[in-house]
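Notes follow the structure.
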Amino acid sequence: MKLFKKFWKIIEKKYQIFLISLIFLMILGAMLETLGVTLIIPIIGTVLAEEVFLPKFFLNAFPFLELATQKEIIIYVISSFIVFYIFKSFYLVFLVYIQAKFIYSIQRNISTRLYKTYLNQPYSFHLHKNSATIISNVMNESMQFAMSFTAPLVYFLTDILLIIGISSLLILIEPFGAIIILIIFSLGSLLMYVYSKERSSKWGEKRQEHEAKRIQAAQQGINGIKDIKLYGFESVFFKYFYTSTDISLTSGRLQTTLQGMPKIFFEFLTVIALSALILSLYFSDTASSDLIATIGVFAMSAFKLLPSIARLVTNIQAFRFGQPVIHIIEKELDLKAIPSKEVSVKKLNYKKNIVLDNINFLYTGSQNNTLKKINLTIKSDQTIGIIGSSGAGKSTLIDIILGLLKPTSGKILVDNELINDQNIRSWQKNIGYVSQSIYLLDDSFRKNIAFGLSEKEIDENKIQNSIKLAQLEELINSLPDGLDTFVGESGVRLSGGQRQRIGIARALYNNPSVLVLDEATSALDVRTELEVMKSIRSMYGQKTILIIAHRLSTVKFCDYIYNIDDGEIVGEGTPDEML
(Lines give C-alpha, C1' and ligand atoms only; values in the text may rest on other atoms or scores of the structure.)
Protein backbone atom coordinates (compact mmCIF):
# COMPACT_ATOMS: atom_id res chain seq x y z
CA MET A 1 0.00 0.00 0.00
CA LYS A 2 2.93 2.34 0.74
CA LEU A 3 4.09 1.95 -2.87
CA PHE A 4 0.68 2.98 -4.19
CA LYS A 5 0.61 6.01 -1.90
CA LYS A 6 4.04 7.03 -3.21
CA PHE A 7 2.87 6.46 -6.78
CA TRP A 8 -0.20 8.65 -6.15
CA LYS A 9 2.02 11.35 -4.64
CA ILE A 10 4.45 11.27 -7.59
CA ILE A 11 1.95 11.61 -10.44
CA GLU A 12 0.44 15.03 -11.05
CA LYS A 13 -3.21 15.82 -10.36
CA LYS A 14 -4.27 15.65 -14.02
CA TYR A 15 -2.94 12.08 -14.20
CA GLN A 16 -4.69 11.20 -10.94
CA ILE A 17 -7.96 12.30 -12.58
CA PHE A 18 -6.98 10.40 -15.75
CA LEU A 19 -6.44 7.22 -13.70
CA ILE A 20 -9.80 7.55 -11.90
CA SER A 21 -11.54 8.01 -15.27
CA LEU A 22 -9.65 5.02 -16.62
CA ILE A 23 -10.84 2.88 -13.72
CA PHE A 24 -14.48 3.64 -14.65
CA LEU A 25 -13.74 2.64 -18.25
CA MET A 26 -12.13 -0.58 -17.00
CA ILE A 27 -15.18 -1.34 -14.82
CA LEU A 28 -17.35 -1.06 -17.94
CA GLY A 29 -14.90 -3.30 -19.80
CA ALA A 30 -15.11 -5.93 -17.02
CA MET A 31 -18.91 -5.76 -17.15
CA LEU A 32 -18.88 -6.34 -20.90
CA GLU A 33 -16.51 -9.28 -20.50
CA THR A 34 -18.75 -10.79 -17.81
CA LEU A 35 -21.84 -10.25 -19.98
CA GLY A 36 -20.03 -11.93 -22.85
CA VAL A 37 -19.57 -15.06 -20.72
CA THR A 38 -23.20 -14.86 -19.53
CA LEU A 39 -24.46 -14.95 -23.14
CA ILE A 40 -23.01 -18.45 -23.51
CA ILE A 41 -25.91 -19.76 -21.40
CA PRO A 42 -28.81 -18.80 -23.74
CA ILE A 43 -26.84 -19.94 -26.79
CA ILE A 44 -26.11 -23.41 -25.42
CA GLY A 45 -29.60 -23.65 -23.91
CA THR A 46 -31.25 -22.64 -27.16
CA VAL A 47 -29.28 -25.10 -29.28
CA LEU A 48 -29.44 -28.15 -26.99
CA ALA A 49 -32.70 -27.88 -25.06
CA GLU A 50 -35.88 -29.47 -26.40
CA GLU A 51 -37.70 -26.37 -25.32
CA VAL A 52 -36.33 -22.93 -25.92
CA PHE A 53 -34.67 -21.49 -22.84
CA LEU A 54 -34.11 -17.74 -22.80
CA PRO A 55 -33.39 -15.55 -19.78
CA LYS A 56 -36.13 -13.12 -18.83
CA PHE A 57 -33.95 -10.07 -19.57
CA PHE A 58 -33.40 -11.40 -23.10
CA LEU A 59 -37.16 -11.80 -23.72
CA ASN A 60 -37.78 -8.34 -22.26
CA ALA A 61 -35.25 -6.92 -24.69
CA PHE A 62 -36.68 -8.85 -27.65
CA PRO A 63 -40.41 -9.60 -26.90
CA PHE A 64 -41.10 -10.78 -30.45
CA LEU A 65 -39.00 -13.91 -29.75
CA GLU A 66 -41.82 -15.34 -27.62
CA LEU A 67 -43.70 -16.17 -30.84
CA ALA A 68 -40.67 -17.22 -32.91
CA THR A 69 -39.70 -20.78 -33.88
CA GLN A 70 -36.65 -22.41 -32.33
CA LYS A 71 -34.61 -21.96 -35.53
CA GLU A 72 -35.52 -18.27 -35.66
CA ILE A 73 -34.61 -17.89 -32.02
CA ILE A 74 -31.23 -19.57 -32.59
CA ILE A 75 -30.52 -17.20 -35.49
CA TYR A 76 -31.52 -14.14 -33.44
CA VAL A 77 -29.56 -15.28 -30.38
CA ILE A 78 -26.37 -16.05 -32.29
CA SER A 79 -26.69 -12.85 -34.34
CA SER A 80 -27.10 -10.84 -31.15
CA PHE A 81 -24.10 -12.66 -29.66
CA ILE A 82 -21.95 -11.72 -32.68
CA VAL A 83 -23.13 -8.07 -32.67
CA PHE A 84 -22.42 -7.84 -28.96
CA TYR A 85 -18.90 -9.25 -29.43
CA ILE A 86 -18.22 -6.82 -32.28
CA PHE A 87 -19.21 -3.93 -30.00
CA LYS A 88 -17.22 -5.40 -27.10
CA SER A 89 -14.15 -5.86 -29.29
CA PHE A 90 -14.21 -2.24 -30.48
CA TYR A 91 -14.68 -1.03 -26.93
CA LEU A 92 -11.78 -3.14 -25.63
CA VAL A 93 -9.52 -1.86 -28.41
CA PHE A 94 -10.48 1.67 -27.37
CA LEU A 95 -9.75 0.76 -23.72
CA VAL A 96 -6.33 -0.63 -24.64
CA TYR A 97 -5.55 2.61 -26.48
CA ILE A 98 -6.56 4.72 -23.46
CA GLN A 99 -4.49 2.50 -21.15
CA ALA A 100 -1.45 2.83 -23.41
CA LYS A 101 -1.98 6.59 -23.61
CA PHE A 102 -2.00 6.83 -19.82
CA ILE A 103 1.13 4.69 -19.41
CA TYR A 104 3.21 6.53 -22.01
CA SER A 105 1.94 9.92 -20.83
CA ILE A 106 3.23 9.05 -17.37
CA GLN A 107 6.62 8.09 -18.84
CA ARG A 108 6.83 11.36 -20.77
CA ASN A 109 5.74 13.37 -17.74
CA ILE A 110 8.22 11.74 -15.32
CA SER A 111 11.10 11.96 -17.80
CA THR A 112 10.50 15.63 -18.61
CA ARG A 113 9.91 16.57 -14.96
CA LEU A 114 13.17 14.89 -13.95
CA TYR A 115 15.06 16.61 -16.76
CA LYS A 116 13.60 19.99 -15.82
CA THR A 117 14.37 19.36 -12.15
CA TYR A 118 18.00 18.59 -12.94
CA LEU A 119 18.35 21.59 -15.26
CA ASN A 120 17.00 23.85 -12.53
CA GLN A 121 19.35 22.54 -9.85
CA PRO A 122 22.11 24.94 -8.81
CA TYR A 123 25.47 24.59 -10.52
CA SER A 124 26.97 23.20 -7.29
CA PHE A 125 24.57 20.22 -7.53
CA HIS A 126 26.06 19.19 -10.87
CA LEU A 127 29.58 19.40 -9.48
CA HIS A 128 28.75 16.49 -7.18
CA LYS A 129 26.11 14.49 -9.07
CA ASN A 130 27.32 11.82 -11.50
CA SER A 131 26.10 12.63 -15.01
CA ALA A 132 25.56 8.93 -15.78
CA THR A 133 23.11 8.72 -12.87
CA ILE A 134 21.25 11.77 -14.16
CA ILE A 135 21.01 10.33 -17.68
CA SER A 136 19.94 6.93 -16.32
CA ASN A 137 17.19 8.50 -14.21
CA VAL A 138 15.89 10.70 -17.03
CA MET A 139 15.99 8.01 -19.73
CA ASN A 140 15.86 4.58 -18.07
CA GLU A 141 14.28 4.99 -14.66
CA SER A 142 11.42 7.07 -16.06
CA MET A 143 10.77 4.23 -18.51
CA GLN A 144 10.97 1.67 -15.69
CA PHE A 145 8.53 3.77 -13.65
CA ALA A 146 6.07 3.52 -16.54
CA MET A 147 6.71 -0.08 -17.59
CA SER A 148 7.58 -1.74 -14.27
CA PHE A 149 5.00 0.00 -12.11
CA THR A 150 2.43 2.13 -13.97
CA ALA A 151 1.64 -0.48 -16.64
CA PRO A 152 1.44 -3.35 -14.11
CA LEU A 153 -0.84 -1.18 -11.94
CA VAL A 154 -3.20 -0.48 -14.87
CA TYR A 155 -3.29 -4.15 -15.89
CA PHE A 156 -3.61 -5.25 -12.26
CA LEU A 157 -6.76 -3.14 -11.88
CA THR A 158 -8.10 -4.40 -15.24
CA ASP A 159 -7.55 -8.03 -14.24
CA ILE A 160 -8.88 -7.73 -10.69
CA LEU A 161 -12.11 -6.17 -12.00
CA LEU A 162 -12.51 -8.93 -14.58
CA ILE A 163 -11.81 -11.64 -12.00
CA ILE A 164 -14.36 -10.16 -9.59
CA GLY A 165 -17.01 -9.93 -12.34
CA ILE A 166 -16.60 -13.46 -13.74
CA SER A 167 -16.11 -15.04 -10.31
CA SER A 168 -19.40 -13.50 -9.15
CA LEU A 169 -21.12 -14.97 -12.21
CA LEU A 170 -19.68 -18.45 -11.57
CA ILE A 171 -20.78 -18.35 -7.92
CA LEU A 172 -24.32 -17.56 -9.04
CA ILE A 173 -24.34 -20.46 -11.53
CA GLU A 174 -22.50 -23.15 -9.52
CA PRO A 175 -21.53 -21.88 -6.03
CA PHE A 176 -19.75 -24.98 -4.76
CA GLY A 177 -17.62 -25.57 -7.88
CA ALA A 178 -16.83 -21.87 -8.24
CA ILE A 179 -15.68 -21.53 -4.61
CA ILE A 180 -13.45 -24.61 -4.88
CA ILE A 181 -11.85 -23.27 -8.08
CA LEU A 182 -11.35 -19.82 -6.53
CA ILE A 183 -9.69 -21.38 -3.47
CA ILE A 184 -7.33 -23.38 -5.70
CA PHE A 185 -6.37 -20.29 -7.70
CA SER A 186 -6.01 -18.13 -4.58
CA LEU A 187 -3.65 -20.63 -2.97
CA GLY A 188 -1.72 -20.86 -6.22
CA SER A 189 -1.44 -17.08 -6.42
CA LEU A 190 -0.25 -16.88 -2.81
CA LEU A 191 2.36 -19.54 -3.48
CA MET A 192 3.68 -17.67 -6.54
CA TYR A 193 3.76 -14.38 -4.63
CA VAL A 194 5.74 -15.81 -1.71
CA TYR A 195 8.17 -17.46 -4.13
CA SER A 196 8.78 -14.30 -6.15
CA LYS A 197 8.54 -11.53 -3.52
CA GLU A 198 12.16 -11.21 -2.39
CA ARG A 199 13.62 -12.27 -5.72
CA SER A 200 11.85 -9.51 -7.67
CA SER A 201 12.91 -6.82 -5.18
CA LYS A 202 16.55 -7.95 -5.23
CA TRP A 203 16.70 -8.14 -9.02
CA GLY A 204 15.06 -4.70 -9.32
CA GLU A 205 17.71 -3.12 -7.07
CA LYS A 206 20.52 -4.81 -9.02
CA ARG A 207 19.11 -3.67 -12.35
CA GLN A 208 18.85 -0.06 -11.17
CA GLU A 209 22.37 0.03 -9.71
CA HIS A 210 24.10 -1.51 -12.70
CA GLU A 211 22.07 0.33 -15.34
CA ALA A 212 23.63 3.59 -14.09
CA LYS A 213 27.08 1.96 -14.09
CA ARG A 214 26.45 0.69 -17.62
CA ILE A 215 25.73 4.20 -18.92
CA GLN A 216 28.76 5.53 -17.04
CA ALA A 217 30.97 2.85 -18.62
CA ALA A 218 29.64 3.68 -22.10
CA GLN A 219 30.26 7.41 -21.57
CA GLN A 220 33.79 6.87 -20.30
CA GLY A 221 34.63 4.52 -23.15
CA ILE A 222 33.41 6.91 -25.86
CA ASN A 223 34.62 10.16 -24.29
CA GLY A 224 38.06 8.75 -23.57
CA ILE A 225 38.51 6.97 -26.90
CA LYS A 226 41.75 8.79 -27.76
CA ASP A 227 43.56 7.72 -24.58
CA ILE A 228 42.01 4.25 -24.74
CA LYS A 229 43.33 3.75 -28.26
CA LEU A 230 46.73 5.19 -27.41
CA TYR A 231 47.32 3.00 -24.36
CA GLY A 232 45.52 -0.09 -25.69
CA PHE A 233 42.86 -0.21 -22.97
CA GLU A 234 39.98 -1.29 -25.23
CA SER A 235 39.61 -4.63 -23.43
CA VAL A 236 39.68 -2.99 -19.99
CA PHE A 237 36.84 -0.57 -20.78
CA PHE A 238 34.93 -3.28 -22.66
CA LYS A 239 35.13 -5.52 -19.59
CA TYR A 240 33.81 -2.72 -17.37
CA PHE A 241 30.87 -2.14 -19.73
CA TYR A 242 30.26 -5.88 -20.24
CA THR A 243 30.18 -6.61 -16.49
CA SER A 244 27.63 -3.88 -15.75
CA THR A 245 25.55 -4.82 -18.79
CA ASP A 246 25.60 -8.51 -17.88
CA ILE A 247 24.46 -7.93 -14.29
CA SER A 248 21.76 -5.44 -15.32
CA LEU A 249 20.37 -7.62 -18.12
CA THR A 250 20.72 -10.83 -16.11
CA SER A 251 18.42 -9.28 -13.51
CA GLY A 252 15.99 -8.44 -16.31
CA ARG A 253 16.26 -11.95 -17.76
CA LEU A 254 15.56 -13.61 -14.40
CA GLN A 255 12.60 -11.31 -13.81
CA THR A 256 11.21 -12.05 -17.29
CA THR A 257 11.52 -15.79 -16.61
CA LEU A 258 9.75 -15.36 -13.29
CA GLN A 259 6.97 -13.39 -14.97
CA GLY A 260 6.47 -16.24 -17.48
CA MET A 261 5.97 -18.86 -14.77
CA PRO A 262 2.43 -17.90 -13.59
CA LYS A 263 0.86 -18.60 -17.00
CA ILE A 264 2.29 -22.12 -17.13
CA PHE A 265 1.47 -22.76 -13.48
CA PHE A 266 -2.15 -21.60 -13.76
CA GLU A 267 -2.73 -23.52 -16.99
CA PHE A 268 -1.94 -26.64 -14.99
CA LEU A 269 -4.28 -25.56 -12.18
CA THR A 270 -7.03 -24.80 -14.71
CA VAL A 271 -6.87 -28.30 -16.18
CA ILE A 272 -7.03 -29.82 -12.68
CA ALA A 273 -9.91 -27.54 -11.60
CA LEU A 274 -12.01 -28.09 -14.75
CA SER A 275 -11.45 -31.86 -14.60
CA ALA A 276 -12.60 -31.89 -10.99
CA LEU A 277 -15.67 -29.78 -11.86
CA ILE A 278 -16.67 -32.02 -14.78
CA LEU A 279 -16.38 -35.16 -12.65
CA SER A 280 -18.34 -33.50 -9.85
CA LEU A 281 -21.17 -32.44 -12.16
CA TYR A 282 -21.19 -35.79 -13.98
CA PHE A 283 -21.65 -37.82 -10.80
CA SER A 284 -24.27 -35.41 -9.43
CA ASP A 285 -26.91 -36.58 -11.97
CA THR A 286 -27.10 -33.13 -13.58
CA ALA A 287 -29.19 -33.00 -16.76
CA SER A 288 -27.14 -33.23 -19.94
CA SER A 289 -28.14 -29.81 -21.27
CA ASP A 290 -27.48 -28.16 -17.90
CA LEU A 291 -24.20 -30.03 -17.61
CA ILE A 292 -23.05 -28.86 -21.04
CA ALA A 293 -24.19 -25.26 -20.36
CA THR A 294 -22.42 -25.16 -17.00
CA ILE A 295 -19.24 -26.68 -18.41
CA GLY A 296 -19.43 -24.26 -21.34
CA VAL A 297 -19.71 -21.26 -19.03
CA PHE A 298 -16.86 -22.50 -16.82
CA ALA A 299 -14.70 -23.27 -19.86
CA MET A 300 -15.38 -19.81 -21.31
CA SER A 301 -14.66 -18.29 -17.89
CA ALA A 302 -11.42 -20.23 -17.63
CA PHE A 303 -10.46 -18.95 -21.08
CA LYS A 304 -10.97 -15.39 -19.78
CA LEU A 305 -9.64 -15.87 -16.27
CA LEU A 306 -6.48 -17.84 -16.96
CA PRO A 307 -4.58 -14.96 -18.64
CA SER A 308 -5.95 -12.49 -16.09
CA ILE A 309 -4.93 -14.50 -13.01
CA ALA A 310 -1.51 -15.27 -14.50
CA ARG A 311 -1.02 -11.60 -15.38
CA LEU A 312 -2.27 -10.56 -11.95
CA VAL A 313 0.54 -12.51 -10.29
CA THR A 314 3.02 -11.28 -12.90
CA ASN A 315 2.03 -7.68 -12.17
CA ILE A 316 2.47 -8.19 -8.44
CA GLN A 317 5.98 -9.45 -9.23
CA ALA A 318 6.52 -6.36 -11.39
CA PHE A 319 5.55 -4.13 -8.45
CA ARG A 320 8.34 -5.67 -6.40
CA PHE A 321 10.78 -5.39 -9.30
CA GLY A 322 9.82 -1.74 -9.83
CA GLN A 323 9.89 -0.84 -6.13
CA PRO A 324 13.40 0.72 -6.24
CA VAL A 325 12.26 2.91 -9.14
CA ILE A 326 9.44 4.41 -7.06
CA HIS A 327 11.89 5.32 -4.31
CA ILE A 328 14.46 6.92 -6.62
CA ILE A 329 11.85 8.88 -8.63
CA GLU A 330 10.23 10.18 -5.45
CA LYS A 331 13.62 11.20 -4.04
CA GLU A 332 14.77 12.96 -7.21
CA LEU A 333 11.50 14.82 -7.80
CA ASP A 334 11.63 16.04 -4.21
CA LEU A 335 14.84 17.93 -5.01
CA LYS A 336 14.34 21.60 -4.40
CA ALA A 337 14.82 23.24 -7.78
CA ILE A 338 15.73 26.86 -8.29
CA PRO A 339 12.98 28.46 -10.41
CA SER A 340 14.17 29.04 -13.96
CA LYS A 341 15.09 32.67 -14.58
CA GLU A 342 13.61 34.25 -17.69
CA VAL A 343 16.08 34.51 -20.55
CA SER A 344 14.29 37.64 -21.76
CA VAL A 345 15.05 39.78 -18.68
CA LYS A 346 16.83 43.09 -19.22
CA LYS A 347 20.53 43.52 -18.54
CA LEU A 348 21.53 44.91 -15.19
CA ASN A 349 22.88 48.42 -15.58
CA TYR A 350 26.69 48.17 -15.41
CA LYS A 351 28.79 51.29 -15.99
CA LYS A 352 31.28 51.71 -13.14
CA ASN A 353 32.66 48.70 -11.29
CA ILE A 354 32.30 45.20 -9.85
CA VAL A 355 33.16 44.90 -6.15
CA LEU A 356 33.80 41.63 -4.30
CA ASP A 357 33.45 42.39 -0.61
CA ASN A 358 34.99 39.92 1.86
CA ILE A 359 34.06 36.81 -0.17
CA ASN A 360 34.41 33.38 1.47
CA PHE A 361 33.39 30.08 -0.09
CA LEU A 362 33.20 26.53 1.28
CA TYR A 363 32.28 23.55 -0.95
CA THR A 364 29.75 21.11 0.50
CA GLY A 365 31.58 18.32 2.32
CA SER A 366 34.84 20.25 2.45
CA GLN A 367 36.57 21.17 5.73
CA ASN A 368 38.44 24.27 4.57
CA ASN A 369 37.34 27.36 2.68
CA THR A 370 38.28 27.38 -0.99
CA LEU A 371 38.18 31.20 -0.97
CA LYS A 372 39.12 33.32 2.06
CA LYS A 373 38.34 37.00 2.53
CA ILE A 374 38.55 37.99 -1.12
CA ASN A 375 38.33 41.74 -1.63
CA LEU A 376 38.83 43.27 -5.05
CA THR A 377 37.42 45.94 -7.33
CA ILE A 378 37.16 45.64 -11.11
CA LYS A 379 36.59 48.89 -12.95
CA SER A 380 34.49 49.09 -16.07
CA ASP A 381 36.40 48.40 -19.33
CA GLN A 382 39.50 47.25 -17.43
CA THR A 383 41.34 44.08 -18.37
CA ILE A 384 42.09 42.09 -15.22
CA GLY A 385 44.40 39.11 -14.98
CA ILE A 386 43.97 36.46 -12.27
CA ILE A 387 46.90 34.08 -11.87
CA GLY A 388 47.77 31.25 -9.52
CA SER A 389 48.61 27.56 -9.40
CA SER A 390 46.07 24.78 -10.00
CA GLY A 391 43.65 24.44 -7.10
CA ALA A 392 44.36 27.96 -5.85
CA GLY A 393 40.68 28.96 -6.20
CA LYS A 394 40.78 30.96 -9.45
CA SER A 395 37.95 29.12 -11.20
CA THR A 396 35.81 29.11 -8.04
CA LEU A 397 36.23 32.89 -7.84
CA ILE A 398 35.12 33.21 -11.46
CA ASP A 399 32.11 30.93 -10.88
CA ILE A 400 31.03 33.27 -8.08
CA ILE A 401 31.42 36.33 -10.33
CA LEU A 402 29.42 34.49 -13.01
CA GLY A 403 26.64 33.84 -10.49
CA LEU A 404 26.96 30.06 -10.77
CA LEU A 405 28.04 29.67 -7.14
CA LYS A 406 26.81 31.62 -4.14
CA PRO A 407 29.47 32.86 -1.72
CA THR A 408 29.26 31.28 1.72
CA SER A 409 29.66 34.79 3.08
CA GLY A 410 30.40 38.21 1.66
CA LYS A 411 28.72 40.02 -1.21
CA ILE A 412 29.08 41.07 -4.83
CA LEU A 413 28.16 44.61 -5.83
CA VAL A 414 27.72 45.87 -9.39
CA ASP A 415 27.56 49.67 -9.50
CA ASN A 416 26.69 49.48 -5.77
CA GLU A 417 23.74 47.11 -6.43
CA LEU A 418 23.84 43.86 -4.45
CA ILE A 419 23.73 40.74 -6.63
CA ASN A 420 21.14 38.28 -5.29
CA ASP A 421 18.61 35.67 -6.44
CA GLN A 422 16.26 38.35 -7.75
CA ASN A 423 18.70 40.03 -10.14
CA ILE A 424 21.27 37.33 -10.85
CA ARG A 425 19.85 36.60 -14.32
CA SER A 426 19.94 40.30 -15.18
CA TRP A 427 23.60 40.38 -14.14
CA GLN A 428 24.41 37.26 -16.18
CA LYS A 429 23.01 38.96 -19.28
CA ASN A 430 26.10 41.20 -19.13
CA ILE A 431 28.55 38.29 -19.26
CA GLY A 432 30.23 36.39 -22.06
CA TYR A 433 32.16 33.31 -20.93
CA VAL A 434 34.91 31.24 -22.58
CA SER A 435 36.22 28.15 -20.78
CA GLN A 436 39.28 25.99 -21.35
CA SER A 437 37.14 23.24 -22.87
CA ILE A 438 34.45 24.63 -25.18
CA TYR A 439 31.25 22.59 -25.33
CA LEU A 440 30.20 22.35 -28.97
CA LEU A 441 26.92 21.04 -30.33
CA ASP A 442 26.99 18.50 -33.14
CA ASP A 443 25.52 21.22 -35.33
CA SER A 444 26.49 24.12 -37.59
CA PHE A 445 28.86 27.00 -36.83
CA ARG A 446 25.80 29.25 -36.80
CA LYS A 447 23.92 27.23 -34.15
CA ASN A 448 27.07 26.89 -32.05
CA ILE A 449 27.71 30.62 -32.03
CA ALA A 450 24.05 31.52 -31.34
CA PHE A 451 23.98 28.84 -28.65
CA GLY A 452 20.50 27.76 -27.52
CA LEU A 453 18.60 29.78 -30.13
CA SER A 454 16.35 28.43 -32.89
CA GLU A 455 16.96 29.36 -36.53
CA LYS A 456 14.19 31.97 -36.37
CA GLU A 457 15.70 33.64 -33.31
CA ILE A 458 19.24 33.99 -34.69
CA ASP A 459 20.31 37.55 -35.52
CA GLU A 460 22.54 37.45 -38.60
CA ASN A 461 24.11 40.83 -37.80
CA LYS A 462 25.17 39.56 -34.37
CA ILE A 463 26.60 36.43 -36.00
CA GLN A 464 28.68 38.44 -38.45
CA ASN A 465 29.91 40.83 -35.79
CA SER A 466 30.93 38.04 -33.39
CA ILE A 467 32.85 36.04 -36.03
CA LYS A 468 34.64 39.21 -37.05
CA LEU A 469 35.73 39.95 -33.47
CA ALA A 470 36.76 36.31 -32.95
CA GLN A 471 38.66 36.38 -36.28
CA LEU A 472 36.72 33.42 -37.68
CA GLU A 473 35.96 35.04 -41.04
CA GLU A 474 38.85 33.45 -42.93
CA LEU A 475 37.98 29.93 -41.70
CA ILE A 476 34.24 30.21 -42.39
CA ASN A 477 34.75 31.76 -45.83
CA SER A 478 36.99 28.81 -46.76
CA LEU A 479 34.24 26.28 -46.05
CA PRO A 480 31.84 25.25 -48.87
CA ASP A 481 28.79 25.60 -46.61
CA GLY A 482 30.14 28.55 -44.63
CA LEU A 483 28.27 29.10 -41.36
CA ASP A 484 26.05 26.09 -42.10
CA THR A 485 29.01 23.70 -41.95
CA PHE A 486 28.67 21.13 -39.19
CA VAL A 487 31.50 21.13 -36.65
CA GLY A 488 31.14 17.44 -35.72
CA GLU A 489 30.55 15.99 -32.28
CA SER A 490 32.45 18.09 -29.69
CA GLY A 491 34.08 19.92 -32.60
CA VAL A 492 36.12 16.87 -33.57
CA ARG A 493 36.76 18.29 -37.07
CA LEU A 494 38.32 21.49 -35.73
CA SER A 495 41.67 22.40 -34.25
CA GLY A 496 41.99 23.59 -30.65
CA GLY A 497 42.40 27.20 -31.73
CA GLN A 498 39.34 27.03 -33.99
CA ARG A 499 37.21 25.61 -31.17
CA GLN A 500 38.32 28.41 -28.85
CA ARG A 501 37.48 31.02 -31.48
CA ILE A 502 33.96 29.58 -31.75
CA GLY A 503 33.76 29.85 -27.97
CA ILE A 504 34.84 33.49 -28.15
CA ALA A 505 32.33 34.21 -30.93
CA ARG A 506 29.58 32.59 -28.83
CA ALA A 507 30.59 34.68 -25.79
CA LEU A 508 30.47 37.85 -27.90
CA TYR A 509 27.18 37.12 -29.73
CA ASN A 510 25.07 39.15 -27.30
CA ASN A 511 27.64 41.96 -27.05
CA PRO A 512 28.36 41.45 -23.33
CA SER A 513 29.79 44.16 -21.11
CA VAL A 514 32.01 41.62 -19.34
CA LEU A 515 34.09 38.94 -21.06
CA VAL A 516 35.47 36.14 -18.89
CA LEU A 517 38.26 33.87 -20.15
CA ASP A 518 38.68 30.96 -17.74
CA GLU A 519 42.04 29.48 -18.77
CA ALA A 520 40.65 29.70 -22.29
CA THR A 521 44.09 29.36 -23.92
CA SER A 522 45.89 27.09 -21.44
CA ALA A 523 45.43 23.97 -23.61
CA LEU A 524 46.74 25.72 -26.75
CA ASP A 525 50.27 25.86 -28.06
CA VAL A 526 52.09 29.18 -27.74
CA ARG A 527 51.56 30.21 -31.36
CA THR A 528 47.82 29.46 -31.33
CA GLU A 529 47.49 31.19 -27.96
CA LEU A 530 49.08 34.35 -29.40
CA GLU A 531 46.60 34.30 -32.30
CA VAL A 532 43.62 33.86 -29.97
CA MET A 533 44.86 36.53 -27.57
CA LYS A 534 45.31 38.87 -30.51
CA SER A 535 41.55 38.60 -31.04
CA ILE A 536 40.97 39.36 -27.37
CA ARG A 537 43.34 42.35 -27.27
CA SER A 538 41.37 44.02 -30.06
CA MET A 539 38.60 44.50 -27.47
CA TYR A 540 40.81 45.99 -24.71
CA GLY A 541 39.26 49.18 -23.36
CA GLN A 542 35.89 48.37 -24.90
CA LYS A 543 34.79 45.69 -22.42
CA THR A 544 35.61 44.54 -18.93
CA ILE A 545 37.78 41.49 -19.52
CA LEU A 546 38.75 38.93 -16.86
CA ILE A 547 41.56 36.56 -17.84
CA ILE A 548 42.35 33.54 -15.66
CA ALA A 549 45.62 31.93 -16.63
CA HIS A 550 48.61 29.80 -15.66
CA ARG A 551 51.00 31.42 -18.10
CA LEU A 552 52.24 34.86 -17.18
CA SER A 553 52.56 35.69 -20.87
CA THR A 554 48.78 35.44 -21.16
CA VAL A 555 48.17 38.32 -18.73
CA LYS A 556 51.13 40.58 -19.54
CA PHE A 557 48.89 43.05 -21.44
CA CYS A 558 46.31 43.32 -18.61
CA ASP A 559 45.70 46.57 -16.75
CA TYR A 560 45.89 44.91 -13.36
CA ILE A 561 46.76 41.45 -12.03
CA TYR A 562 45.71 39.50 -8.93
CA ASN A 563 47.71 36.51 -7.70
CA ILE A 564 45.69 33.91 -5.78
CA ASP A 565 47.21 31.16 -3.66
CA ASP A 566 45.32 28.77 -1.37
CA GLY A 567 42.14 30.80 -1.74
CA GLU A 568 43.67 34.15 -0.79
CA ILE A 569 44.91 37.14 -2.73
CA VAL A 570 48.65 37.07 -2.03
CA GLY A 571 49.67 39.75 -4.51
CA GLU A 572 48.28 42.40 -6.81
CA GLY A 573 49.53 45.15 -9.07
CA THR A 574 50.25 46.21 -12.63
CA PRO A 575 52.00 43.79 -15.01
CA ASP A 576 55.27 45.64 -14.48
CA GLU A 577 54.94 45.20 -10.72
CA MET A 578 53.79 41.56 -10.84
CA LEU A 579 55.86 40.20 -13.70
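Structure notes:
For every residue, the table says whether it meets (1) surrounded by fewer than 16 Cβ atoms within 10 Å (Cβ to Cβ); (2) at pLDDT 70 or above.
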site: H210; (1), (2): no, yes
site: L230; (1), (2): yes, no
site: S235; (1), (2): yes, yes
site: G260; (1), (2): yes, no
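- Qualifying residue in region 381-390 (condition: surrounded by fewer than 17 Cβ atoms within 10 Å (Cβ to Cβ), under 33 Å from the mean Cα position of the chain (by Cα) and assigned to a loop (DSSP other than H, G, I, E, B)): no
- Screening E417 on (1) over 30 Å from L475 (Cα atoms); (2) touching a Ser or Thr at 6+ places or on another chain (Cβ under 8 Å) shows it passes everything except condition (2).
- The set of residues from region 237-258 being within 23 Å of Q323 (Cα to Cα) and either acidic (D, E) or at pLDDT 80 or above (or both) comprises S244, T245, D246, I247, T250.
- Annotation: of all residues in region 518-530 being of a type in the set (A, V, I, L, M, F, W, C) and touching a Gly at 6+ places or on another chain (Cβ under 9 Å), the one that is modelled with the highest pLDDT is A520.
- For region 443-463, residues that are assigned to a helix (DSSP H, G or I) and surrounded by 14 or more Cβ atoms within 10 Å (Cβ to Cβ) total 7.
- Check on T34, over 30 Å from S142 (Cα atoms), in contact with a Pro (Cβ under 9 Å, 6 or more places away or on another chain) and at pLDDT 70 or above: no
- Residue check, G488 assigned by TED's automatic domain parsing to the domain that holds E531 and surrounded by 14 or more Cβ atoms within 10 Å (Cβ to Cβ): no
- One residue alone among S148, S142, S168 is of a type in the set (G, A, S), surrounded by fewer than 18 Cβ atoms within 10 Å (Cβ to Cβ) and assigned by TED's automatic domain parsing to the domain that holds I27, and that residue is S168.
- Taking region 478-579 and the helices (runs of 4 or more DSSP H) fully enclosed by it, the elements with 1 or more residues that are among the basic types (K, R) and under 25 Å from L402 (Cα atoms) are at 496-508, 526-537.
- Any hit, region 131-152, residues being under 16 Å from the mean Cα position of the chain (by Cα) and among the aromatic types (F, W, Y): yes
The values are calculated or read from the model by the stated rules, or taken from the named source; none is laboratory data. If you're wondering where the values come from, they're calculated on a predicted model, not measured in any experiment. Methodologically, a virtual Cβ is constructed for each residue, glycine included, from the backbone with ideal geometry; neighbour enumeration extends over all protein chains shown.
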